[in-house]
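The values are calculated or read from the model by the stated rules, or taken from the named source; none is laboratory data. Please read all numbers here as calculations on a predicted model, not as lab measurements. Ideal geometry is used to build each Cβ from the backbone, glycine not excepted, and the neighbour counts take in all protein chains shown. SASA here: full protein model, heavy atoms, side chains in, ligands and nucleic acids out. Shrake-Rupley method; radii C 1.70, N 1.55, O 1.52, S 1.80 Å.
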Amino acid sequence: MTESAAGVLDEPVARRREQRSWYVYDWANSAYVTTTLTVLFGPYLTSVAKQAACPGIASDGVCRTNLSVLGVPVSPGSLALYTVTVTTLISALILPVVGALIDRVGRKRRFLAGFAWVGALAASAMWFVTGNDWVLGVLLEIVASLALGCSLVVYDAILIDIAGPDERDAVSSRGWAVGYLGGGLLLALNLVLVQGHAAFGLSQGSAVRLSLLSAGIWWAGFTVVPYLGLRDRPPGDVVPEPGRGFLAAAFGQLAATLRDLRGYPQTLRFLVAYLFFNDGIQTVIYAASIFAAEELGLEQGQLITSILLVQFVAFGGALLFGRIAARTGAHRAILAGLVLWVGVVAVGFVLPAHRFGLFLALAVLIGVVLGGTQALSRSLYSQLVPRGREAEYFSLYQSAERGTSWSGTLLFGLVFQLTHTYRAAIVALVVFFVLGGVLLARVDVRRGIVEAGNQVPAVV
């Protein structure tokens, strides 16, 4: 721990002030994650793609004509999922380099805001996606989601600077909870707009586009709070090698990180487990709106209402899992959450179409487990990260984080393209939770914390 970081951790008032500013970035970016990625843009991009492939088709019609993407045939119903897949493959190349670079340069606060504002600009520009212009929609989602991933690498790394080992579960859980509250609030406002679009003199498409614009503006505006409230810290003891710039050193460090992971076997094992179960979680989150609209026949307003319910239930779920972790440890709490996720997928497979009440019940179960597993995964991983290499290691973590999973969305899209049913696609996701849970159960958390050179918290 650097001297400056230790000083802040020893000052309770300054530490709590920075923690409150840190929470606000979850509030800021969750508007994009919820309104755009989770609810509106997937179905909207799917409808735009369907119009391009099958001009004049009804909104609930089945289009079996493929689009051509660089000569590759792509089903309109799979386009949004493949966009996430491509974004994550790009992320796998750039996020680790971004993390290594930030560890060397420092100035995490400025990088956090810079990435956020680039992403917010792309998110706001989704207002211009109209007609059959699915290419613009794909490009804007890639830019916005890559910028989100880069900002979250920095955001997660800052957790170690502002919270000691014994409080990270609680701080991480509060951050997720605040994010769900903020994302839910904007989604509620957008629900009013989309449901009552005629009263505002708007078409439903215009109301959706205006909601996408609002998410970008919200993201940009509230990012000002952490930009002003957090402190930049020195990059520590990491300096470029003689004759090499920061960027060249960052690429070199990426290779070194992957080699060094072998020296932290519990950290590596956790990352592999997280890759599996988080891909399952992210795919459920991203594909839920498409599944509900296309397979269950739910209307746009019902869809937004369901996701809104998830947001507010997840607020309580994140805090609840934080309390459970304080008693049992984050490791056991996450394993219990994965059992519940298997239940979510199983219920989704048998859920009858046009039964909005049953879908709401499933939404409650998703909300309870969603915030807890994500918040505790972040805080548990922070205990396994070697000191001074936070952004570097969190870049690997973030490559599989929310909105950037790839194998789950790829499997989901492929199964749908082969079977033309989203039910078969969603049940295929069970394998991610089972494999992730088995691997996570084999992680020796206490040993991993010691190997990373960190202080062991009172409850592991």
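Per the Cα gyration tensor, the range 95-227 maps to an equivalent ellipsoid with semi-axes of 32, 19, 10 Å, ordered largest to smallest. For His420, the solvent-accessible surface computed with a 1.4 Å probe is close to 100 Å², ligands and nucleic acids excluded. Each part gets one Cα centre, and for the range 293-334 versus the range 183-235 those centres are 20 Å apart. Under the criterion of Cα pairs below 8 Å and six or more residues apart, the relative contact order for the range 1-128 equals 15 percent. The calculated FRET efficiency for Val364 paired with Ala256, based on their beta-carbon distance and R0 = 60 Å, is about 0.85. Computed from the alpha carbon atoms alone, the convex hull of the chain holds 132 Å³ per residue. Contact order for the chain, expressed relative to its length and based on alpha carbon pairs under 8 Å spaced 6+ residues apart, stands at 27 percent. A Cβ-based charge dipole, computed about the Cα centre of the chain with Lys and Arg at +1 and Asp and Glu at -1, lands at about 400 debye. Stretched out straight at 0.36 nm per residue, the stretch from Arg323 to Phe356 would grow longer than its current Cα-Cα span by 8.7 nm. In this structure the amide hydrogen of Val69, modeled in the peptide plane, comes within under 5 Å of the amide hydrogens of Val74, none closer than 5 places in sequence on its chain. Rounded to the nearest 10 degrees, the angle from helix 134-162 to the longest Cα principal axis of the chain is 30 degrees. The share of accessible area on the range 411-460 that comes from carbon and sulfur is 64 percent, using a 1.4 angstrom probe. Coordinate range of the alpha-carbon atoms in the range 1-158 per principal axis, descending: 64, 27, 20 Å.
Phi angles of the range 219-231 translate, via the Karplus equation with coefficients 6.51, -1.76, 1.60 and θ = phi - 60°, into HN-Hα couplings of 4, 5, x, 6, 5, 4, 5, x, 4, 8, x, 8, 10 Hz per residue; Gly and Pro are given as x.
Relative to a virtual label point 7 Å from the Cα of Val192 in the Cα→beta-carbon direction, which members of the range 280-324 show backbone nitrogen distances below 11 Å? Answer for this model: none. Alpha carbon centre of the range 340-368 versus the range 21-55: separation in Å? Cα centres, the range 340-368 to the range 21-55: 21 Å. Rolling a 1.4 Å probe over the heavy atoms of the protein chains gives the chain an accessible area of 37 Å² per residue. Which angle between 0 and 90 degrees, to the nearest 10, do you get for helix 330-350 versus the longest principal axis of the chain when only C-alpha atoms count? So the helix axis and the longest Cα principal axis differ by about 10 degrees.
Kirkwood radius, the range 333-419, all distinct C-alpha pairs, inverse of mean reciprocal distance: 15.4 Å. For helix 356-383, report the angle its Cα long axis makes with the longest principal axis of the Cα atoms of the chain; keep it between 0 and 90° and round to the nearest 10°. That works out to roughly 20 degrees. Ordered from highest to lowest accessible area with the whole protein assembly present and a 1.4 Å probe, Glu299, Glu294 read as Glu299, Glu294.
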